[in-house]
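Report on the following structure.
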Amino acid sequence: MEWNCTLVEAKHPALHSKATVDPFSIDADWVERESEMIKLMHDKIGIGLAAPQIGQSIRLFVMNFDNNGPDVGVFNPEILEVSEETIPMEEGCLSFPALFFIVTRPAKVKVRFQTSDTEIVEDWLEGRDARCFQHEFDHLEGIVYLEYASDMKLQRAMKKRNKFLKEAMAYQRHQNA
């Protein structure tokens with residue numbers, strides 16, 4: 001298996017199709033792969049990163065739990081139950097830099113996954129952990145968060161992002177002058 005731990009372009013097919021490969025069906029050093037993904041997640045200032053975002057059709061993502069708590073590799077994840085209560089919250093994605101908008105998701109989710117040593121974890125998540133788990137799980141299902149936005153909401157977010165990037169570039173030019 002070829003492994004390149006860099007973000008793929010937003011139009012890459014892996015981002016738009018269901019990840020089908022059980023990581024444990026492949027002979028690989030999953031502790032090392034998990035570590036590489038966590039490093040990339042931190043380098044890009046993210047709280048989660050799914051294998052499809054680096055072009056891999058593997059049922060794996062990494063995420064930071066408990067607001068700067070442990071970083072965990074999530075292998076073969078499942079969402080078993082969701083709460084009826086939903087919460088709207090701003091989301092972004094490493095595959096779509098500086099593009100933020102409100103997405104409504106279940107407030108709590110009951111999940112099951114394996115760790116890199118194949119230990120099974122089953123638990124209820126809420127708050128940021130539930131949000132991140134659902135966002136990264138969506139990547140494994142071939143769903144990107146843009147699909148939750150209306151055209152108008154997406155246009156507004158893109159306009160805001162473009163203004164931010166323009167201002168950031170002007171600031172950087174000023175600093176380098």
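The values are calculated or read from the model by the stated rules, or taken from the named source; none is laboratory data. No experiment lies behind these values; they were computed from the predicted model shown. Every residue, glycine among them, receives a Cβ derived from its backbone with ideal geometry; neighbour counts consider all protein chains shown.
Only residues in the range 67-86 that are on the phi > 0 side of the Ramachandran plot count as the first member; pair them with residues that are assigned to a strand (DSSP E or B) and surrounded by fewer than 18 Cβ atoms within 10 Å (Cβ to Cβ), Cβ under 6 angstrom, at least 6 apart or cross-chain, and list the lot. Final answer for the pair search is none.
Quick check on this structure: which one of 83, 25, 35, 57 is in contact with a Pro (Cβ under 8 Å, 6 or more places away or on another chain) and surrounded by fewer than 19 Cβ atoms within 10 Å (Cβ to Cβ)?
On the way: 25 fails: in contact with a Pro (Cβ under 8 Å, 6 or more places away or on another chain); 35 fails: in contact with a Pro (Cβ under 8 Å, 6 or more places away or on another chain); 57 fails: in contact with a Pro (Cβ under 8 Å, 6 or more places away or on another chain).
One residue alone meets the criteria, 83.
Note on the range 7-27: among residues that are farther than 19 Å from residue 99 by Cβ, out of contact with any strand residue (DSSP E or B) (no Cβ under 9 Å at 6 or more places or on another chain) and part of a loop (DSSP other than H, G, I, E, B), the one that is modelled with the lowest pLDDT is 27.
Of 92, 73, 46, 69, all but one fail to be part of a loop (DSSP other than H, G, I, E, B) and under 14 Å from the mean Cα position of the chain (by Cα); the exception is 46.
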